[in-house]
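Reviewing the structure listed below.
The values are calculated or read from the model by the stated rules, or taken from the named source; none is laboratory data. Note that the coordinates shown come from a computational prediction; the quantities given were computed from them, not determined experimentally. Cβ sites come from the backbone with ideal geometry, for glycine too, and all protein chains shown count toward neighbours.
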Amino acid sequence: MTNFTLEELAAIVATRAQSEDEKSYTRKLVGKGVAKCAQKVGEEAVEAAIAAVKEDREELKGEAADLLYHLLVLLYVGNVPLEEVMATLAARTGQTGLEEKASRPKD
């Protein structure tokens, strides 16, 4: 088991996004803006879902890793710190998922 955390990955994303390294994929992706970052999250989510349906455990692990990375990049360009997302998740743990969903404003 690894002790690598999403917080550590978020810090790496932030460092690379701000770097001057022309070879940094993160820097290039961030430079393309929020729409491209959002597109990548969507692509990776679909790929992870397909791997799950195929019951391909190894592929699912890889696609899930890609999805988490791209989500953290999207949060970075959207100026939403991971800590705020984690706080939102923590606040939701005091009720069931159905209760939380029912408490959301209706569109």
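The residue list Lys36, Lys101, Lys28, Lys23 contains one member that is among the basic types (Lys, Arg), out of contact with any His (no Cβ under 9 Å at 6 or more places or on another chain) and assigned to a loop (DSSP other than H, G, I, E, B), which is Lys23. Taking segment 28-42 as the search range and keeping residues that are free of Cβ contacts under 8 Å to residues at least 40 places away in the same chain and under 20 Å from Leu6 (Cβ atoms), which one is surrounded by the fewest Cβ atoms within 10 Å (Cβ to Cβ)? The qualifying residue surrounded by the fewest Cβ atoms within 10 Å (Cβ to Cβ) is Gly42.
Only residues that are more than 17 Å from Val80 (Cβ to Cβ) and in a loop (DSSP other than H, G, I, E, B) were counted in segment 1-20, giving 7. Comparison of Glu47, Glu59 shows that the only residue that is in contact with an Asp or Glu (Cβ under 7 Å, 6 or more places away or on another chain) and free of Cβ contacts under 8 Å to residues at least 24 places away in the same chain is Glu47. Screening Val80 against (1) within 24 Å of Thr15 (Cβ to Cβ); (2) in a helix (DSSP H, G or I); (3) without any contact (Cβ under 8 Å) to a residue 24 or more places away in the chain; (4) not charged (D, E, K, R) leaves a single unmet condition, (2). For residues that are at pLDDT below 95 and of a type in the set (Lys, Arg), scanning just segment 53-107, find the one that is surrounded by the fewest Cβ atoms within 10 Å (Cβ to Cβ). Out of the qualifying residues, it is Lys106.
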